[in-house]
Amino acid sequence: MSQYRAVKGARDIFPDEITSWKHIEGVIHRVAGLYGFREIRTPVFEYTDLFQRGIGATTDIVGKEMFTFRPEPNGRSITLRPEMTAGVMRAFLQKNLSASSPVHKLYYIAELFRKERPQAGRQRQFSQFGAEWLGASSPEAVAEAIGMMMQVFAALGVKGLRLRINTLGDPEDRVRYREALREYLEPYAPDLDELSRERLDKNPLRILDSKNPEIQAVIAGAPKLHDFLGPSALEAFEQVLHYLDEGAILYTIDPLLVRGLDYYCHTAFEVVSPELGAQDAIGGGGRYDGLARELGSKSDIPAVGFAVGMERLLITMEKQGLLQHLEPESPEVYIVLQDHELAGNAVSVCDSLRKSGIRSEMDLCRRSMKAQMREANKMRAAYVLFVGHNEVMSQAYGLKDLRTSEQETLSLQEIIARLAPGNGGNQ
Ligand code: AMP
């Protein structure tokens, strides 16, 4: 063992777990394809002002959670991305994608970095998959966003998730509401905890998110955002709910759901998992029509998107027993050598099999035949191919099916013909 450890809040993903990741990623890619999405990959760092502008200076993320540094002493500050939406929108605007088509649907699976206090379900490096509808935020697009997110969960077999949904209205509605809320909360300022007092000045809507029971009691009597919404906001929200009903997607309207980021407007949603503890949000999203202009776009780019935490999805699936059945890839053929003088022959047999698309392994530690057999079984190889002095002389090899224990003697060409992909092999 070495004295070096992974940085707190960051973790290694070993091959056993990679099987689960690949399974989930495979489903995400498939469902994204069903919805006509194309994948985007953006750099892990961006100029810091993109996030300050695009997420909002009053948010927790920008206020205290960004990993920010200056590569050159007097150069521009850069930040490891704490979320993907700002970077995707930056890339979209930079490439002027809206010129080629009014709507672009882009998805990602990406690593993010936030300087939060590490705890169960909360890391400093974590991953999200997410999707952005750039150029459309109609109720149909919003319903598609929620539908796609829920379809990924359904395709993975995840059960018991709860969808909460709310509307934040037009930005003007929100400004009026923010003032009313501040006015209501001000007299309670001495009773508020430190975090809420800080939010009272900067972003009082975030107080609605508080998990502190005393603050929740204060909030219970606060003015309601819905009473400040104009008719068009209400109508758009009703439409979204109608589509969800039509699609048999269950939801709870939660007037206190505000989401952390500044750029959300109209519909916001969040999915919570009963399998997670205090950090029970597994994903969420909403409309962010104002972001493009915030980033300097001359025209409005309506948009909606969602993001789901991959690690929390994995924890949920593990607890629901959805990952046990996944088998790591095992070799099709394990070559067992009579003695290591024949290593050269084994190398060439192994090479021919691999070039024919057959997953093959051989002993690399010059172990006894018995130890090689044990290894073949441990690796759950489908077949063992014996390379002994007689086999090399006659160019006919024993091929043993480890499932049935039947053994045949075949030439290399015959083995390839039988096992190669497309010829009935197990690929
Ligand atoms: P957000 O971008 O904050 O809305 O987060 C979307 C989802 O990402 C959350 O619902 C979580 O599943 C996941 N997530 C956010 N922050 C973390 C973190 N620090 N560690 C692990 N997962 C996270």
Qualifying residues in region 116-135 (those that are of a type in the set (A, V, I, L, M) and modelled with pLDDT of 95 or more) - the one farthest from the ligand (Cβ to nearest atom): Leu134
Checklist (1) under 30 Å from Ser138 (Cα atoms); (2) among the small types (Gly, Ala, Ser); (3) not in a strand (DSSP E or B) applied to Ser352, failing item: (1)
Members of region 11-64 that are among the hydroxyl-bearing types (Ser, Thr, Tyr) and open to solvent by 70 Å² or more (accessible area, probe 1.4 Å): Tyr47
Boolean, Glu275 is acidic (Asp, Glu), out of contact with any Phe, Trp or Tyr (no Cβ under 8 Å at 6 or more places or on another chain), within 14 Å of the ligand (Cβ to nearest atom) and farther than 24 Å from Arg199 by Cβ: yes
Within region 282-296, considering residues that are within 10 Å of the ligand (Cβ to nearest atom) and either open to solvent by 30 Å² or more (accessible area, probe 1.4 Å) or touching a Leu at 6+ places or on another chain (Cβ under 9 Å) (or both), the one farthest from Ala91 (Cα to Cα): Ile282
Within region 75-87, tally of residues that are within 16 Å of the ligand (Cβ to nearest atom) and out of contact with any Ser or Thr (no Cβ under 6 Å at 6 or more places or on another chain): 7
Scan of region 317-335 for residues that are open to solvent by less than 10 Å² (accessible area, probe 1.4 Å) and in contact with a Lys or Arg (Cβ under 9 Å, 6 or more places away or on another chain), ordered by number: Glu332, Val333
Residue count, region 244-272 (criterion: away from the ligand (no atom under 14 Å from the Cβ), in contact with a Phe, Trp or Tyr (Cβ under 9 Å, 6 or more places away or on another chain) and modelled with pLDDT under 90): 1
Selected residue [open to solvent by 60 Å² or more (accessible area, probe 1.4 Å) and under 20 Å from Glu327 (Cα atoms)] from Glu361, Glu408: Glu361
Test: residue in region 106-115 that is more than 17 Å from Leu291 (Cα to Cα), within 13 Å of the ligand (Cβ to nearest atom) and among the small types (Gly, Ala, Ser): yes
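Conditions tested, residue by residue: (1) under 30 Å from Met379 (Cα atoms); (2) among the hydroxyl-bearing types (Ser, Thr, Tyr); (3) within 16 Å of the chain's Cα centre (by Cα); (4) in a loop (DSSP other than H, G, I, E, B).
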residue	(1), (2), (3), (4)
Thr19	yes, yes, yes, no
Lys22	yes, no, yes, no
Val31	no, no, yes, no
Leu50	no, no, no, no
Gly63	no, no, no, no
Of all residues in region 204-227 being more than 14 Å from Leu168 (Cα to Cα) and in contact (Cβ under 8 Å) with a residue 40 or more places away in the chain, the one that is surrounded by the fewest Cβ atoms within 10 Å (Cβ to Cβ): Lys211
Any hit, region 65-78, residues being touching a Leu at 6+ places or on another chain (Cβ under 7 Å), assigned by TED's automatic domain parsing to the domain that holds Glu144 and either under 25 Å from Val152 (Cα atoms) or surrounded by 17 or more Cβ atoms within 10 Å (Cβ to Cβ) (or both): no
Of all residues in region 246-278 being among the small types (Gly, Ala, Ser) and more than 18 Å from Ala141 (Cα to Cα), the one that is surrounded by the most Cβ atoms within 10 Å (Cβ to Cβ): Ser273
Yes/no for Met393 being touching a residue at least 24 places away in the same chain (Cβ under 8 Å) and either in the same structural domain as Ile415 (by TED's automatic domain parsing) or assigned to a loop (DSSP other than H, G, I, E, B) (or both): no
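The values are calculated or read from the model by the stated rules, or taken from the named source; none is laboratory data. Small disclaimer: the values here were computed from a predicted structure and weren't measured. Glycine also receives a Cβ, built like all others from the backbone with ideal geometry; neighbour counts cover every protein chain displayed. Calculation scope for accessible area: heavy atoms of the full protein, side chains included, ligands and nucleic acids excluded. Shrake-Rupley method; radii C 1.70, N 1.55, O 1.52, S 1.80 Å.
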